[in-house]
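The values are calculated or read from the model by the stated rules, or taken from the named source; none is laboratory data. Here the structure is a predicted model, which is why all the values come from computation and not from measurement. Here the Cβ positions follow ideal geometry from the backbone for every residue, glycine too, while neighbour counts run over all protein chains shown. For the accessible areas, the whole protein counts, side chains as well, though only heavy atoms, and no ligand, DNA or RNA atoms are used. Shrake-Rupley method; radii C 1.70, N 1.55, O 1.52, S 1.80 Å.
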Amino acid sequence: MSVPPNTELVTDGDNVAYIWVLTPLERAHIASLLGVDASIIRKGPFMAQERTSCQSCGKYSGLDDLVHSALSAGIHCKDFILDVLVNGTEAEGPARTMICSTCKESFKGEFHWMPARWMAEPPRTHDVVA
């Protein structure tokens with residue numbers, strides 16, 4: 001199975017998740033959106049789907065788009081998002097439409113993160129320092 005750049009496929013039996021490894025540009029963009037130093041943004045959740053490219057501009061989906069979408073829609077506050085990125089989450093995120101932070105068009109499909117407990121012996125989150 002081919003996966004987009006900066007993505008790791010993780011399996012545990014029949015369970016599949018994707019780790020969207022943060023690029024320095026994504027990390028800086030997230031830090032800017034949250035108003036924090038980029039060095040704080042070190043972790044991200046397991047995602048239920050692989051990255052996909054924006055049909056409008058071609059950018060691959062990233063955690064920066066997930067953060068941008070949540071903030072723009074008023075779904076989560078900055079403190080909540082930062083807590084998930086730093087400490088992880090045991091809850092599965094609801095599937096939501098994600099907006100490309102570059103061109104503001106919707107990515108095709110819905111996106112959500114997986115709870116860390118889906119693996120037999122999971123870390124709270126995967127360290128995604130690129």
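What to note about this one:
- Residue-level accessible surface for residue 97, protein heavy atoms, 1.4 Å, Å²: 80 Å²
- Ligands, DNA and RNA left out, the accessible area of the stretch 69-109 computed with a 1.4 Å probe is 52% carbon and sulfur.
- Note on residue 112: accessible area is roughly 40 Å² with a 1.4 Å probe, heavy atoms of protein only.
- Under 5 Å from the amide H of residue 44 lie the amide H atoms of 126, 128, each residue being 5 or more positions distant or on a separate chain, with H modelled from the backbone and absent for Pro and chain starts.
- 85, 33, ranked by accessible area, largest first (probe 1.4 Å): 33, 85
- A cut-off under 13 angstrom between Cβ atoms defines the neighbours of residue 53, and their net charge, with Lys, Arg +1 and Asp, Glu -1, is 0.
- Rg in Å to one decimal, and Dmax rounded to a whole Å, for the stretch 1-98 via C-alpha atoms: 13.3, 39
- Euclidean distance of C-alpha centroids, the stretch 8-40 and the stretch 69-87, integer Å: 13 Å
- Accessible surface of residue 60 - all protein chains present, 1.4 Å probe, nearest 10 Å²: 90 Å²
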